Structure formats: structure tokens, C-alpha cells
Amino acid sequence: MHLHLIISAGLAALAQIGVVLAADPSLVYTSYQTTPICTPSSEFKTPQSILELQTILLTARLFNQKVKPLGSRHSATDIICTDGIPISMEAFDSAKMNSDGTATVGAGMTMGAAVEFLQARGRTLIVVPQFRGITIGGALGTGAHGSSLKYPTALSDQITALTVIDGNGVLRVIRGPDLNHFRVHLGLLGVILDATFQTVPAYKLTVNIVPQPDSILDDGSLLQMARDNDYFVAQWWPHKNEVLTTIGNMVPMSTPGNAFQNLYPASPIGVTSFLSQLTDFVHGMRNLPGGLAMEEYSELTFYQQVVGRIPYYTEDNSTLVMPATGLGWMLTSSICDQAPNGCSWHNGNNSLYFDEEEIGCDIAEFPGIIRTLRGILKDNMAAFTFTGLVMRFQKASQATLYMASGRDTVAVEFIYPQRLDRVNNPAMNVATYQAIVQALVFKHGGRPHWGKNGQAWAKSAIIKSQYPKSNRDQFINAMRQYDTLGLLRNKFAGRLLGISDTNDVDPTEIHCSLRQNCICQVDADCANNQDNAQICGEMADIDGQISYKVCKETKLFVNPPLGPYNPYNMSDIARAIRTSYV
């Protein structure tokens with residue numbers, strides 16, 4: 001289309017788009033976790049065609065506004081924010097097979113819809129991310145990944161081309177060397193319209209979960225398992241000195257079995273409310289035995305049948321299947337409905353929210369990482385209540401800015417609950433959580449996940465220190481080439497460029513360290529109310545040569561002994577926890 005026609009269309013659309021000079025509170029949006037808090041100047045736009053999208057971009061350029069294309073907003077970082085026009089890409093959800101065996105999928109299509117489309121045609125992706133509710137564009141933007149050292153692990157490493165409208169308004173197909181910058185695009189190089197993926201014939205996996213002594217972390221056998229198997233995940237439960245190893249290998253499609261994974265089971269409002277209240281009670285009382293009892297139940301749910309939990313691997317949502325055989329993507333990824341009674345984070349005031357931490361380290365650091373974590377946990381045991389300390393493995397990537405760029409990587413992950421009053425009240429053991437993340441980043445050269453972790457881990461200094469200068473320089477040069485006027489930039493972009501350290505956080509936030517939005521420097525960065533008095537103190541590393549600035553408790557909590565309970569029954573665990581305080 002000629003430029004003057006686009007300009008005319010853009011001017012005609014001004015009344016609909018609206019040029020707003022200041023953020024309107026009614027326009028605020030968040031991620032699925034209700035944070036960060038994004039304050040755009042416009043309501044969401046949902047273009048139905050490339051022309052409509054180009055019109056929005058051109059109008060924004062004419063009036064010096066920013067834009068941000070978005071998918072499901074399944075990100076805990078302000079990579080999703082803009083102070084300009086947020087654009088929903090949900091209409092760009094087409095998919096087609098190509099004659100060369102590749103598939104071209106719209107950026108607004110969910111991961112789940114994409115693999116279902118491929119499966120119907122006898123094809124699939126060699127590895128898929130853990131959660132299928134994310135969109136293709138968002139998964140590429142943040143570096144979503146699965147777990148394998150044999151195959152390309154990130155969705156980003158399976159693309160052969162991208163169709164984009166860059167920040168200059170030019171429609172392009174990206175191939176060749178520049179594709180490496182776009183693989184994990186961070187929302188800063190252009191609006192992704194679709195991605196072309198290399199596909200493989202549909203396959204089945206047989207997966208088994210086996211509890212093993214955690215000595216396998218030290219003797220090299222766990223790393224060998226990761227290298228030897230098609231799919232491998234480890235979950236460490238430190239207080240039990242135990243590791244769950246999830247091992248999967250490809251089998252012929254004719255192999256019997258139609259199992260699927262339930263990492264995110266349906267969460268009726270009553271169940272979610274019960275768990276959020278119980279979790280808040282345990283963390284509020286600093287009841288470590290209670291937290292460890294809940295952790296024990298969680299561990300059992302991964303490989304045994306327990307009351308109150310849909311089996312992790314099943315064919316009918318009732319009966320546990322172990323070992324499990326089924327389609328590869330069905331056994332290595334999961335999904336939950338976005339509506340109430342689906343995902344635990346979509347039940348309004350009854351939701352159960354988490355803080356996520358994921359740091360990717362060079363796999364060569366693994367022995368040292370285990371020594372460090374053992375040293376921290378020796379005197380500062382914490383409850384990893386829901387998933388344990390998870391370790392996923394990633395094959396070295398060509399993507400310019402990705403946690404596995406240029407190196408085989410182990411990603412250490414854990415989640416811990418947000419309190420009901422998340423602004424004032426910290427999770428139990430928050431000092432230990434903070435020390436672990438700091439050790440992974442500062443001592444072991446870890447790279448934070450772009451869509452997880454608190455904002456403290458996407459500061460300019462962190463980005464500069466964790467990626468080779470040449471990688472960062474190449475990506476910034478690509479930003480300047482493909483988005484000359486900075487149409488797509490936001491506060492996150494300012495930190496990447498090293499020109500600002502501002503971020504989009506909850507404006508009601510009082511204690512920045514409680515949500516990992518800062519590393520505490522003064523006591524006020526930590527909780528300071530009567531029930532949760534903390535100071536900004538130090539926690540020593542294993543060798544005593546390094547210490548970490550963390551929020552330490554000043555109030556002594558005496559944990560009563562936990563009464564007898566049935567570890568296979570969440571209700572009985574809850575009864576025992578509460579009885580301990582009667």
C-alpha cells in the first residue's frame with residue numbers, strides 16, 4: 001500500500017485509537033499474576049488485519065506514542081508493559097503446513113492450539129514449553145522452553161523464519177543471521193505476525209518418575225541422566241534428601257497409551273480458596289514444619305495417587321498411570337482453563353498466586369551450584385512447597401539474548417506463594433529464597449528468565465554482566481535498525497539499553513525486596529510491621545567469603561511440633577497444622 005494511503009487511513013483512525021497524554025487508571029493491565037502494573041495511555045487495540053495493525057503503528061509514530069504487542073500476558077516481568085498503546089494479537093491465529101515439512105503459525109495462536117493443529121496432521125514440535133496457555137509470539141519473546149539436552153529446547157530455536165512488521169512499519173520476513181536476534185525478541189524488534197517452525201513426525205514418549213537419594217546431585221549421575229534421555233527433569237526436595245527424576249524417551253506411535261500431564265489441574269474456587277488460606281496461615285506463623293508437611297504432600301502427588309489431587313500422569317483424570325505413555329507434547333506440557341475453576345490464578349479474590357524464580361546457569365557450574373545450595377540450606381532450610389527445587393536442562397542456543405545462549409544450561413526454578421496481603425507480608429523463608437537467587441546470579445553467572453523473577457533481576461547491571469558484550473551490542477544494534485524511533489521501547493528496554501533503571505511495579509508496593517523487585521539495602525525494603533518484623537541483613541555463603549543481602553526475621557517464631565498426619569491427604573495435613581496451634 002502506498003505511504004499516502006496508509007497515512008490517510010491512519011488519520012481517519014485517530015478518533016478510534018485515541019491519543020491520550022496521561023495514563024488513565026481504568027486502562028491499567030497486569031500479567032496473569034496481577035503484577036507488574038502496566039499503565040498505558042490507550043485501551044487495548046485488537047487489529048483484525050495487517051492493514052489495521054500498520055495503521056495503529058503509523059498513527060503511534062505520527063504522534064510519538066509507544067506500542068506493545070501482547071499475547072496471554074503470561075509473564076511476571078514488565079517486558080509486557082507500555083505507556084502507550086497495548087495491542088492484542090489474538091486475531092493473528094492462523095496456521096498452515098508447508099510443503100517442506102515446516103508449519104507457519106500466527107503469533108496470537110496459543111501453544112496448545114498450535115500443537116493440536118500439528119498433531120491433526122501427524123506432525124509436532126520436537127520439544128514444547130511446560131505451559132500450553134502461552135501464545136506463540138509471547139513464548140518467543142520471553143524464551144519459553146522445555147527440558148532436553150538432546151534436542152533444541154526453546155521454542156525459539158525451532159523457528160526457520162519470522163514474518164514481522166518492524167518498528168519502522170516495514171513488513172519483513174526475517175531469515176539468516178538476523179533471525180538469531182529475533183528468536184528471543186523481547187518485544188523490542190517488531191510486531192511478530194507469524195513464525196515458521198521446523199516440525200517432526202508426531203511421536204510418543206514413555207515417561208517415568210522415580211524418587212532417588214539426592215547423592216545423585218553430587219556424583220555426576222544426575223547430569224548423565226540428563227544427557228542420556230530424550231526428556232529429563234529433576235525436582236530436589238532438600239529436607240527429605242530426595243530427588244524426583246522424570247525420565248522420558250521416544251517410543252513408536254503404535255505403543256499403547258494415551259496419558260497426559262496434569263501439572264496445572266483444574267482448581268475449583270473452593271479448593272483454591274482453601275489452599276490460599278492454609279498457605280497464608282502457615283507462612284504467617286512461620287510454621288516451617290507445616291510448610292514441609294505440605295511439601296511432602298506435593299512431592300507425593302507427582303508419582304503416587306493421593307486424595308485431593310488429580311493424578312499427575314493419567315488417561316482419565318482419575319487413575320494414576322506410571323510409567324506413562326502418550327503423545328510427547330501431552331506428557332511434557334500442561335494447560336488449565338483461563339476461566340474460574342481452571343487456573344489457580346484465575347479465581348479472583350480466591351486465587352493462589354506465586355512468585356516465580358528461574359535462573360539459567362552454564363551446566364559446567366552444576367557441581368558448584370549444588371555445593372552452594374547445600375551450604376545455604378544447611379542452616380537456613382526452606383519449604384519449597386509446591387514443586388521443590390526444579391532443574392530443567394537446555395541445549396545451547398543460537399539466540400542472541402537467551403539464558404542458554406552459547407552454552408548448555410541448567411535452569412534452577414522454584415515458586416513460593418504470595419501472601420494474601422502481598423504488599424506488607426513476606427513469605428516464610430524469604431531470606432533463603434533471596435540468597436539462592438543471588439548466589440545463582442552473582443556466584444554462578446546465572447541468567448534470569450525474561451518472563452519470571454522480580455524486577456531486581458532485569459536491571460542494567462545484571463543484563464550487562466550476564467551476557468557477552470558482543471551479544472548485547474548486537475541486539476541493541478538490531479533494535480536501532482528495526483525500530484529506529486523506538487516505537488516498541490518501554491522501561492524494560494531502557495534497562496537493556498543501560499539508560500534507565502526504572503520499572504513498572506505495583507504503585508502500592510512499600511517493601512521492594514519482598515517481591516524481589518530490589519535487593520534490600522535498608523530495613524524499610526523488607527517487612528516492618530508488628531507481625532512480620534524484618535531487617536536487611538546478611539546471609540553467608542558456604543565458604544564464608546561471600547554474603548548476600550536478604551530480609552531477615554527479627555521476631556523469634558517457635559514452631560510447635562506437627563501432630564500426626566496422613567501425608568497422602570491434604571485435608572489431614574491441614575488439620576494437623578491447625579491443631580498444632582489450638
Could you list, in sequence order, the residues of region 58-88 that are open to solvent by 10 Å² or more (accessible area, probe 1.4 Å) and part of a loop (DSSP other than H, G, I, E, B)?
PHE63, ASN64, GLN65, LYS66, GLY71, SER72, ARG73, HIS74, ALA76, ASP83
Which members of region 556-582 meet the condition of being under 25 Å from ASP421 (Cβ atoms), open to solvent by 60 Å² or more (accessible area, probe 1.4 Å), outside any helix (DSSP H, G or I) and touching a residue at least 24 places away in the same chain (Cβ under 8 Å)?
TYR581
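Counting only residues that are open to solvent by less than 40 Å² (accessible area, probe 1.4 Å) and not in a loop (DSSP other than H, G, I, E, B), how many does region 89-112 have?
Quick first cut of region 89-112, residues open to solvent by less than 40 Å² (accessible area, probe 1.4 Å) only: 89, 91-92, 95, 101-109, 111-112.
If we keep only those that are not in a loop (DSSP other than H, G, I, E, B) too, we end up with 95, 102-106, 111-112.
Of the residues in that region, 8 qualify.
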So LEU331 passes all but one of these: (1) farther than 28 Å from LYS150 by Cβ; (2) open to solvent by less than 10 Å² (accessible area, probe 1.4 Å). Which condition number does it fail?
(1)
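Quick check on my filter: what residues within region 31-57 are of a type in the set (Ser, Thr, Tyr) and buried (at least 17 other Cβ atoms within 10 Å of the Cβ)? Lay out the reasoning, then the answer.
To start, the set of residues in region 31-57 that are of a type in the set (Ser, Thr, Tyr) comprises 31-32, 34-35, 39, 41-42, 46, 49, 55.
Residues satisfying the conditions are SER31, TYR32, THR35, THR39, SER41, SER42, THR55.
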Of the residues in region 242-286 that are hydroxyl-bearing (Ser, Thr, Tyr) and either assigned to a strand (DSSP E or B) or open to solvent by 60 Å² or more (accessible area, probe 1.4 Å) (or both), the one that is farthest from PRO417 (Cα to Cα) is SER254
Consider only pairs whose beta carbons are under 6 Å apart and that are at least six residues apart or on different chains; among these, list those whose first residue lies in region 260-279 and is among the β-branched types (Val, Ile, Thr) and whose second residue is outside any loop (DSSP other than H, G, I, E, B) and open to solvent by 50 Å² or more (accessible area, probe 1.4 Å).
ILE269/ASN350; THR272/ASN350
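For every residue, the table says whether it meets (1) open to solvent by 20 Å² or more (accessible area, probe 1.4 Å); (2) under 20 Å from GLU299 (Cα atoms); (3) under 17 Å from the mean Cα position of the chain (by Cα).
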residue: THR314; (1), (2), (3): no, yes, no
residue: LEU320; (1), (2), (3): yes, yes, no
residue: TYR353; (1), (2), (3): yes, yes, yes
residue: ASP379; (1), (2), (3): yes, no, no
Going residue by residue through region 138-154, is there one that turns out to be open to solvent by 10 Å² or more (accessible area, probe 1.4 Å), touching a strand residue (DSSP E or B) at 6+ places or on another chain (Cβ under 9 Å), in contact (Cβ under 8 Å) with a residue 40 or more places away in the chain and farther than 29 Å from ASP228 by Cβ?
yes
Among residues belonging to region 215-241 that are surrounded by fewer than 18 Cβ atoms within 10 Å (Cβ to Cβ) and of a type in the set (Asp, Glu), point out the one that is nearest to LEU331 (Cα to Cα).
ASP228
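The values are calculated or read from the model by the stated rules, or taken from the named source; none is laboratory data. These numbers come from a predicted model, not from an experiment. Cβ coordinates were reconstructed from backbone atoms using ideal geometry, including for glycine residues, and neighbour counts include every protein chain displayed. For accessibility, only protein heavy atoms count, side chains too; no ligands or nucleic acids. Shrake-Rupley method; radii C 1.70, N 1.55, O 1.52, S 1.80 Å.
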